[in-house]
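In what follows, a structure is listed as structure tokens, so that the remarks can point back to it.
The values are calculated or read from the model by the stated rules, or taken from the named source; none is laboratory data. Remember, it's a predicted structure, so these values are computed and weren't measured experimentally. Here Cβ is always computed from backbone atoms with ideal geometry, including for glycine, and neighbour counts include all displayed protein chains. What goes into the accessible areas is simple: the full protein's heavy atoms, side chains included, and nothing from ligands, DNA or RNA. Shrake-Rupley method; radii C 1.70, N 1.55, O 1.52, S 1.80 Å.
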Amino acid sequence: MSDQEENHLIAERRAKLARIRERGVAFPNDFRRTALAGELIAAHGERAAEALDADPVRVKVAGRLRVKRVMGKASFAKIEDPSGQIQIFLQREALGDAYEDFKGWDVGDILGAEGVLFRTRTGELSVRAERIVMLVKSLRPLPDKWHGIADTELRYRQRYVDLIMNEDSRRVFALRSRIVRYVRSFLDARGFLEVETPMLHPIPGGAAARPFRTHHNALDVDMYLRIAPELYLKRLTVGGFERVYEINRNFRNEGVSTKHNPEFTMLELYQAYADYRDLMTLVEDLVHGLADTLLGGRTVRYQGAEYDFSGSFARLTIEQIILAHNPGLDPARLREVAYLRGVCDALGIGYGAGDGAGKLQIEIFEKTGEHKLLQPTFAYAYPTEVSPLSRRNDRDPFITDRFEFFVGGREIANGFSELNDAEDQAQRFRDQVARKEAGDEEAMYYDADYVRALEYGMPPTAGLGVGIDRLVMLLTDSPSIRDVLLFPHMRPEA
């Protein structure tokens, strides 16, 4: 439909609304629905016509007009509510002037109908209308029902229209809600306490990311939208809440892509007297339960590929993955800066002048191995250099007890045994400050209050972050993060 045609239809609908206003209340709010379409079909869909006639069922239904067929003295319409569609049978004899009004109504209008259930000659359960009322006049025409919204960007900008027209979109967001509800019930059953921590931080911390900055006028201080709730949740662990979690909104001032949105949802949890291996098992149990409950099996299909979620998932160290995907590298030299720089040069991988062996390893891993972790895999033993909040491995201080969980080449979760040595944490913060002063915009700040909290003593603890958006993408077979965000961030319209 061209802009000119759409504008003409909008003008016609505005004229109809003006005539409705002249007659009285244009947007009445005195009609009360008594049943949903899906409920009626579930309860009475199998009843014979004779049974419905013998025992009339009176209903009030309401929803958006999706189909309209006017045939002289009798007409059919279909209205849609959140549960589905139901047919309405309208007769001039029963409705009088309201029937003439109906003939001028448009697809997209929201209406209410009152009457009794019956079955048509073709056997379709329908409502024989005894009263019909316009509740809301739709001023804009809906897209063609056969083509919907062909423009993907328009679907994201006008999600309200996408939800009206696209049953698959409604299914994705309903499933998203079920996923979050399952995660809560899973953790609640294991004794975790759900908490809420600040979204405005005086110091951005808990992750390596660029924050959004704002200003608090009353306090006259700069503040930051949180990039992660980690340091606040661990303060609670110090305080004695030994199992806590938060399903939280995080904000990172970074790029927009099919995998990234500046605002996103994370599950973050902490469990005292546990380590990173315990959390690998917890992730397996959580994913198994989600697949069983929501998909009915442990084969997950995503973008034409199948992923096997049964059994235990693969567990590989970062160095094992680097060697597996870069044949010919010398295992004995994977921690030599000069050697790793040569590898990066040969592979065309950029690096910073101050990058140590750990940072160089991760650059190689991310460019050559990460995207090849297709089946569910835990990559663990991350270098200490890139894990400023993780506990060093007792036998090998070059690495930390940290893992990331990958499916389809995408990170879904990040977990580790927490660093609870206050002096070690203070030094790592100082190292991060040095990186920031050298130009690393994602390096962390020094958080003196968090170091002070650790000085009171945090029990041995493991922490986990799960990207809810990416998890939903996987379980709903959605190619872009924008498909699982109701209102993704986009450039302003011209």
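Would you calculate the volume per residue, in Å³, of the smallest convex hull containing every Cα atom of segment 88-199?
Expressed per residue, the convex hull around the Cα atoms of segment 88-199 is 217 Å³.
What net charge is computed for the residues neighbouring ASP53, neighbours being all others with C-beta under 14 Å from the C-beta of ASP53, Lys and Arg scored +1, Asp and Glu -1?
Result for the local shell: +3.
Quick one, what does Rg over Rh come out to for segment 341-494 if you take C-alpha atoms and the Kirkwood Rh?
1.01
Please report, in whole Å³, the volume per residue of the convex hull around the C-alpha atoms of segment 367-446.
Cα convex hull per residue, to the nearest whole number: 108 Å³.
Dividing the convex hull volume of the alpha carbon atoms of segment 263-345 by its residue count, what do you get in Å³ per residue?
It is 224 Å³ per residue.
State the percent of C-alpha pairs, over all pairs in the chain, separated by a distance greater than 32 angstrom.
55 percent
How far, in degrees from 0 to 90, does helix 357-368 lean away from the longest principal axis of the Cα atoms of the chain, to the nearest 10?
Between helix and principal axis, roughly 40 degrees.
Given an 8 Å cut-off on Cα distances and at least 6 residues of separation, report the relative contact order of the chain as a percent.
12 percent
Output wanted: per-residue J couplings in Hz (rounded whole) for segment 116-131, from phi through Karplus 6.51 cos²θ - 1.76 cosθ + 1.60, θ = phi - 60°, x for Gly and Pro.
3J(HN,Hα) across segment 116-131, in whole Hz: 10, 6, 7, 10, 6, 4, 7, x, 7, 5, 9, 10, 7, 6, 10, 8.
Determine the shape class of segment 425-491: with a ≥ b ≥ c the square roots of the Cα gyration tensor eigenvalues, call it rounded for a/c under 1.5, and otherwise prolate if a/b is greater than b/c, oblate otherwise.
In terms of gyration-tensor shape, oblate.
Multiply the residue separation of ALA43 and GLU306 by 0.36 nm, subtract the distance between their alpha-carbon atoms, and state the gained length in nm to one decimal.
That works out to 91.0 nm of additional length.
So if I take the alpha carbon set of segment 151-205, get Rg, then get Rh from the Kirkwood formula, what is the Rg over Rh ratio?
Rg/Rh for segment 151-205 comes to 1.19.
Over the alpha-carbon set of segment 260-310, divide Rg by the Kirkwood Rh and report the Rg/Rh ratio to two decimals.
Reported Rg/Rh, Kirkwood definition of Rh: 1.06.
Pulled fully out, how much extra length does the chain show between SER185 and ARG69, if you take 0.36 nm times their separation in residues and subtract their Cα-Cα distance?
Going from the current span to full extension adds 37.1 nm.
What number, in nm² with one decimal, is the all-direction average of the projected area of the convex hull of the alpha-carbon atoms of segment 56-154?
Quarter of the Cα hull surface area: 7.3 nm².
So what is the accessible area of the chain per residue, in Å², with the probe set to 1.4 Å?
50 Å²
For segment 1-84, what is the largest minus smallest coordinate of the Cα atoms on each principal axis, given in angstrom and ordered from greatest to least?
In descending order, the Cα extents are 50, 31, 30 Å.
Let a ≥ b ≥ c be the square roots of the eigenvalues of the Cα gyration tensor of segment 70-124; is it rounded (a/c under 1.5), or, if not, prolate (a/b larger than b/c) or oblate?
oblate
Separation of segment 102-167 and segment 387-451 by C-alpha centroid, Å?
If you average the Cα positions of each part, the centres end up 53 Å apart.
Just for the Cα atoms in segment 134-284, what are the lengths along the principal axes, largest first, rounded to whole Å?
Answer, in whole Å and largest first: 58, 43, 34 Å.
If eta is 1.306 mPa s and T is 10 °C, what Stokes-Einstein diffusion coefficient results for segment 202-306, Kirkwood Rh from Cα pairs, in µm²/s?
95 µm²/s
So how compact is segment 321-409: Cα radius of gyration and Dmax in angstrom?
In order Rg, Dmax, the Cα atoms of segment 321-409 give 12.9, 35 Å.
Looking at segment 27-70, which GluC sites (Glu not before Pro) are DSSP coil and have at most 10 other C-beta atoms within 10 Å of their C-beta?
Sparse-neighbourhood loop GluC sites (Glu not before Pro): GLU46.
Can you tell me the orientation of helix 3-23 relative to the chain, as the angle in degrees between its alpha-carbon axis and the longest Cα principal axis, to the nearest 10?
60 degrees
With each run of n ≥ 4 DSSP H residues scored as -39500 (n - 2.57), what mean residue ellipticity at 222 nm is computed for the chain after dividing by its residue count and rounding to the nearest 500 deg cm²/dmol?
Calculated at 222 nm, the ellipticity per residue is -10000 deg cm²/dmol.
Which loop-located GluC sites (Glu not before Pro) does segment 181-278 contain, where loop means any DSSP state but H, G, I, E or B and the Cβ has at most 16 other Cβ atoms within 10 Å?
GLU196, GLU254
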